[in-house]
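Heads up: the structure comes next, in structure tokens.
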Amino acid sequence: MEIKNLGNIINLLKEDLEKVDSELYKHLDSKVIMANEVASYTLKSGGKRIRPILLILSSKLLDYTSNRIYVIASVIEYIHTATLLHDDIIDGAKYRRGRISANNKYGNDIVVLCGDFLYSRAFINLVLDGDSDIQLILANAAKTMSEGEIFQLVKTANFELPIESYLDIIYSKTAVLMSACCEIASIFAKKTHFRPYLKELGKIIGLIFQINDDILDYFGDPSKTGKKTGTDLREGKMTLPLLILREKASKDDINIVKDIFYKDRIFDEDFLAVVRLLSGYKIKEKCYQYVEKYIAKAHNLIKELPDNIYRECLEYLINFAAKREV
């Protein structure tokens, strides 16, 4: 089977992903019906289940098959979904993947508590699974994600943000959990000699994935992404497009962007002015050039892993993460 698109991977893993979904909804068992309703609404919001896909592919890559995969995949998706609920409250998001966001629909108070419920449900299932190595990986990932959110909040509205701090933020917010997905497979399969390769591969895929998200926030098509462009600029977040523009633009143009960045309210025409400068300096292309080093490193890492259809899927995901439009 030749892997030409994400649909090929989803079809290959169709039964596995159905089992993950079964686990996800089976454990929405709160006696408080609203907790189940909010969690279910968010889980059904059209996500690609990239994290469960990474876990399943990495596990099957190492010839591991067991229902434990679906249990831990659901734990990871609970953690991810809880962070989305909390993120949307912090950001005041009105939409998530083209639908009304949970906080906009149900209110912040209910949603923050439902995020806590999902974290609790995740760690109950993790304890029941009983593997202390996996427990530690995911507990550390959750801790790092929380730290990343705090760090990003502290660094909001800082036009002078170093690129190293940006990379720390996107590692903490996105890459650490994807890294955990791949690393856990080596523990499942008891093939820990592959552990460093899978851990690093997941990290790099996560970094690429988030960088592309940040590019799409300036250049994406909202009808495809389900997200309004310009969110990062309006929230005072320095992401890769602005960081590279800051390096490449003239002093006068930097001052124009800086003035917009620090405005109390950024209007559509302000955003479009920034996009015109980004386009004029070919920043989109420069962002993808920046990503190329990660793509090359990921393809080198994957050569150290068993050669089978699941490795081919992971190879496709490297390029999908970098060039996706959704």
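The values are calculated or read from the model by the stated rules, or taken from the named source; none is laboratory data. Here the structure is a predicted model, which means the values were calculated and not measured. Here the Cβ is made from the backbone with ideal geometry for all residues, glycine too, and neighbour counts use every protein chain on show. What goes into the accessible areas is simple: the full protein's heavy atoms, side chains included, and nothing from ligands, DNA or RNA. Shrake-Rupley method; radii C 1.70, N 1.55, O 1.52, S 1.80 Å.
Odds and ends about this structure:
- Residues satisfying the stated conditions in region 192-206, i.e. under 12 Å from the mean Cα position of the chain (by Cα) and open to solvent by less than 10 Å² (accessible area, probe 1.4 Å): Gly202, Ile204, Ile205, Gly206
- Verdict on Lys105 being touching a strand residue (DSSP E or B) at 6+ places or on another chain (Cβ under 9 Å), open to solvent by 20 Å² or more (accessible area, probe 1.4 Å) and not polar (S, T, N, Q): yes
- Long-range neighbours under 8 Å by Cβ, at least six apart or interchain, first residue open to solvent by 30 Å² or more (accessible area, probe 1.4 Å) within region 29-46, second at pLDDT 90 or above and among the charged types (D, E, K, R): Tyr41/Lys105
- For Asp21, the conditions (1) touching a helix residue (DSSP H, G or I) at 6+ places or on another chain (Cβ under 9 Å); (2) of a type outside the set (Val, Ile, Thr); (3) over 27 Å from Ala322 (Cα atoms) all hold with the exception of (3).
- Whichever residue in region 276-326 is within 23 Å of Asn5 (Cβ to Cβ) and of a type in the set (Val, Ile, Thr) and, among such residues, is most open to solvent (accessible area, probe 1.4 Å): Val326
- Count - residues of region 78-88 that are out of contact with any Ser or Thr (no Cβ under 7 Å at 6 or more places or on another chain), open to solvent by 10 Å² or more (accessible area, probe 1.4 Å) and not hydroxyl-bearing (Ser, Thr, Tyr): 3
- Set Ser58, Ser40: member being within 22 Å of the chain's Cα centre (by Cα) and more than 30 Å from Ser223 (Cα to Cα): Ser58
- Helices (runs of 4 or more DSSP H) completely within region 161-257 that count 3 or more residues being closer than 27 Å to Ile53 by Cβ, out of contact with any Leu (no Cβ under 6 Å at 6 or more places or on another chain) and without any contact (Cβ under 8 Å) to a residue 40 or more places away in the chain: 195-219
- The condition (being touching a Phe, Trp or Tyr at 6+ places or on another chain (Cβ under 9 Å) and of a type in the set (Val, Ile, Thr)) is satisfied by just one residue among Val75, Val111, Val127, Val154: Val75.
- Test result for Lys284, under 21 Å from the mean Cα position of the chain (by Cα), within 20 Å of Arg246 (Cβ to Cβ), not in a loop (DSSP other than H, G, I, E, B) and not hydroxyl-bearing (Ser, Thr, Tyr): yes
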